[in-house]
Amino acid sequence: MMTPQDVLALCRERGVKAVDLRFMDFPGLWQHFTIPVSKLEMEVFEDGLGFDGSSIRGWQAINESDMLLVPQAETAIIDPFVQLPTLSMICNIQDPITREDYSRDPRNVARKAVNYLKSTGVADTCYIGPEAEFFIFDDIRFDQTPNCGFFFIDSAEGEWNRGTDEGPNLGYKLRHKEGYFPVPPADQLMDIRNEMMQTMIDCGMDVEAQHHEVATAGQSEIDLRFNDLLTMADNMCMYKYIVKNVARRHGKTVTFMPKPLFSDNGSGMHTHISFWKGDHPLFAGNGYAGLSDEAIYAIGGILAHAPALLAFACPTTNSYKRLVPGFEAPVNLAYSQRNRSAACRIPMYSPSPKAKRIEFRCPDPSSNPYLAFSALMMAALDGIQNKIHPGDPLDKDIYDLEPEELAKVPTTPGSLGEALDALAKDHEFLLRGDVFTQDVINTWIWYKKKNEVQALALRPHPYEFCLYYDI
C-alpha cells in the first residue's frame with residue numbers, strides 16, 4: 001500500500017507538476033480541484049486542504065461551509081489524460097473544527113460499512129464485483145425549456161442509420177437486441193473498448209473482460225475482478241472517469257444512464273457480493289446451488305429490503321424505465337441459479353467454493369457506488385444476523401407462469417418515488433453501526449424527491465403530445 005512518502009517519491013520520479021484531489025459528491029459525481037505539486041507536503045496528508053462544502057450538492061449550509069479534503073495516499077495514480085504530468089488522489093472529507101469524518105461523505109459511509117462488518121464477527125471482508133454497462137454514442141443533443149423538450153441520440157452503429165447517406169454507408173448496423181458478441185466490423189467499438197481496458201490496467205485495476213452488449217448504438221461492458229467494498233467503490237469512480245475520457249479522446253460520448261434508448265436494452269450493473277472470514281468463503285456450502293445457510297440468509301436480507309435498497313442502487317427516475325415487468329429486466333424479487341429475470345441469481349460457472357457468490361441484478365450504473373455497495377452489504381448482513389429465509393427458489397420461466405402464480409412473486413418498485421417511500425419506511429438496518437445516519441437517509445430522500453421526482457413530474461413529456469395533443 002502506498003504511503004505519503006511513496007507519493008512524494010513518485011512525484012519526483014515521474015516529474016509530476018500538479019496534484020489533483022478528488023471526492024464524490026452526495027448524488028454520485030466525482031469532483032476535484034488541483035494544486036501545484038510544490039504545495040503537496042507531508043502535512044497535507046494529516047491536516048488536509050480547505051474547500052467550500054456549501055457548493056457541493058446535498059452538503060453543508062452556507063453558514064457552515066468550510067470543510068477539509070484529506071488525501072488518501074493509497075489511492076494515488078498518475079492521471080492518464082491530463083497534458084501536464086498530474087498525480088491524482090481520492091480524499092476523505094472532514095469537519096475542520098471537530099476533525100470528525102463527514103457523515104454525508106459517501107466514501108465515509110463505505111468506510112463505516114467495512115468497519116461495521118468486521119465488528120459484528122460475521123465476516124472480515126465483503127467482496128464486490130460489479131458489471132457496469134454503458135452506451136458509447138457519436139452524438140447527443142437534449143434540452144428542456146418551457147416550450148420545448150427533446151433528446152436526440154445518434155450512433156454509427158444504430159439500426160436507424162441503415163438508410164442514412166454516410167458517403168458511403170458501409171452497412172453493419174446492429175439490429176435491436178442483437179449487439180451481444182458480434183465481431184468487427186459489426187462491433188465498431190473494439191479498439192475504443194480495448195483502449196479503455198488497457199487504461200484501466202495501467203491505472204492498477206484488474207480487468208476481466210470487455211465486450212459489446214445487447215443493445216444497438218454502442219452498448220458496452222467492461223468487467224472488473226471482484227475486490228473489497230471500499231476499493232471497488234474507488235475503482236468504479238476511476239472506471240467512469242476512464243471510460244468517459246477515452247471516448248471523448250475519440251470524439252465520442254459515454255452515458256451511464258440506465259435507459260437512454262426506447263425499444264432496446266437498458267444498462268444495468270449486476271453486482272456480485274460475497275462474505276469471507278479470513279481465507280474461508282462464507283457463501284459456499286452444501287445447500288441449494290452450492291450455497292451455505294449464510295448465503296441463503298443473505299439473499300433473504302437482500303430480497304426483504306430490496307424496495308428500500310433500490311433507492312440507492314437504482315437512484316434515478318430513468319432507472320425505472322429499465323425495471324419494467326414483462327421484459328428482460330430483473331424485477332422479480334426472487335432468487336434462482338438459472339433465471340436471469342430473478343433479482344438474485346447464483347452464478348454456476350465454477351464449482352470452486354471461492355467462486356460462490358450472489359449476483360444482485362437490479363442495480364444500475366447511475367448509482368453512487370459507495371452508497372449502493374454499502375446498502376447492499378448491510379441488507380445481506382441483516383439477513384444473516386436475523387436469519388431471514390427467502391423461501392423457495394424460482395427456477396421456472398417466469399414468462400410461462402400462470403397469472404395466479406405470478407401474482408405471488410413480489411416485484412421491484414415501479415418508480416423512484418416508490419423506492420424512496422420504501423426507504424423512508426425501511427432503513428433501520430442501514431443505521432446499525434452508524435453506517436448510514438438518519439441525516440443521510442433524510443437528506444437523500446429530500447434531495448431525490450425535490451430535485452428529481454418532482455422536477456420530472458412537473459414537465460410535459462414529448463410522447464404525451466403524441467398521445468394527447470388532438471384530444
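The values are calculated or read from the model by the stated rules, or taken from the named source; none is laboratory data. Computed from a prediction, not measured in an experiment: that's the story for all the values here. Positions of Cβ are backbone-derived with ideal geometry, glycine not excepted, and every protein chain shown enters the neighbour counts. Remember, those area values only see protein heavy atoms, side chains included, never the ligands or the DNA or RNA. Shrake-Rupley method; radii C 1.70, N 1.55, O 1.52, S 1.80 Å.
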Within the stretch 134-185, restricting attention to residues that are of a type in the set (Phe, Trp, Tyr), open to solvent by 60 Å² or more (accessible area, probe 1.4 Å) and in a strand (DSSP E or B), which residue is nearest to Ala217 (Cα to Cα)?
Phe152
When the residues of the stretch 119-130 are filtered to those that are under 14 Å from Lys277 (Cα atoms) and either of a type outside the set (Val, Ile, Thr) or in a loop (DSSP other than H, G, I, E, B) (or both), which remaining residue is farthest from the chain's Cα centre (by Cα)?
Gly121
Can you pull out every residue in the stretch 392-428 that is in contact (Cβ under 8 Å) with a residue 60 or more places away in the chain, under 23 Å from Leu291 (Cα atoms) and in a loop (DSSP other than H, G, I, E, B)?
Pro393, Leu394, Val409, Pro410
Looking only at the stretch 215-250, which residues are in contact (Cβ under 8 Å) with a residue 12 or more places away in the chain, over 19 Å from the mean Cα position of the chain (by Cα) and open to solvent by 10 Å² or more (accessible area, probe 1.4 Å)?
Arg249, His250
Could you grab me the full set of residues in the stretch 375-391 that are open to solvent by less than 40 Å² (accessible area, probe 1.4 Å) and assigned to a helix (DSSP H, G or I)?
Ala375, Leu376, Met377, Met378, Ala379, Ala380, Leu381, Asp382, Gly383, Ile384
What strands (runs of 3 or more DSSP E) lie completely within the stretch 46-95 and have 2 or more residues being open to solvent by less than 20 Å² (accessible area, probe 1.4 Å), assigned by the TED database to the domain that holds Glu13 and in contact with a helix residue (DSSP H, G or I) (Cβ under 9 Å, 6 or more places away or on another chain)?
66-71, 86-94
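For (1) within 27 Å of Ile222 (Cβ to Cβ); (2) free of Cβ contacts under 8 Å to residues at least 60 places away in the same chain; (3) not in a strand (DSSP E or B), each residue gets a yes or a no:
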residue	(1), (2), (3)
Arg107	yes, no, yes
Arg111	yes, no, yes
Val114	yes, no, yes
Leu117	no, no, yes
Ala132	yes, no, no
What about Ala289, is it in the same structural domain as Glu405 (by the TED database), open to solvent by less than 20 Å² (accessible area, probe 1.4 Å) and within 19 Å of the chain's Cα centre (by Cα)?
no
